[in-house]
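The values are calculated or read from the model by the stated rules, or taken from the named source; none is laboratory data. These numbers were taken from a predicted model, which means no experiment stands behind them. Quick reminder, even Gly has a Cβ in these numbers, built from the backbone with ideal geometry, and neighbours come from all protein chains shown.
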Amino acid sequence: MTDTAAIPTAGRPEQVRKEERLVDGGAKAALGFEAAYDAYGPMVYRLAMVYLGNRADAEDVTQEAFIRLLHRPPAFSDGEHEKRWLLRVTVNLCRDQLKGFWHKRAVELEPGLPDRDTESLGLAEAIVALPEQYKGPIHLHYCEGYSVAEISEIMKLGQSAVKMRLKRGRELLRREMEG
């Protein structure tokens, strides 16, 4: 990102100019736009990659999530609230992308053309290969370290649904990795 001192602030939303600060009890306040992008950008991109499995689509979703943060940010109570909001927006954008016209009309490569080597399918690629309903919970729990309750809040699911998706996702991953 560029240095904020070199960018004129006239006409820019107040959210962009906000600095990270401590609030009552030491909780971090919501970050400014650039600080939020630096802090949460890689995590948002990884989540989009898990859902979409396509670098270009994941970059588009990441960009759209941060555009929404820039133009329509809600009032965040702290940095964790901002982070969860970004993850929620990313999940919704990924779901919209997967339901979209172009995704449904995508054509797989012909059998004779080179494709992924199934023997070199790593854990990250195996997670990407999971059905949509299992990708998010598996990634958020094992890669990002969220608890079942936090995933439930982010994905707007019941805790029992999250636990079941984690269990079934693990079973699918185990089968994929074993053979």
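Name the single residue that is modelled with the lowest pLDDT among those in the stretch 74-123 being farther than 21 Å from LYS135 by Cβ and of a type in the set (A, V, I, L, M).
LEU113
Among the residues of the stretch 36-65, which ones are among the aromatic types (Phe, Trp, Tyr) and surrounded by fewer than 20 Cβ atoms within 10 Å (Cβ to Cβ)?
Matches in the stretch 36-65: TYR37, TYR45.
Yes or no: ALA30 surrounded by 18 or more Cβ atoms within 10 Å (Cβ to Cβ), modelled with pLDDT under 85 and under 21 Å from the mean Cα position of the chain (by Cα)?
The answer is yes for ALA30.
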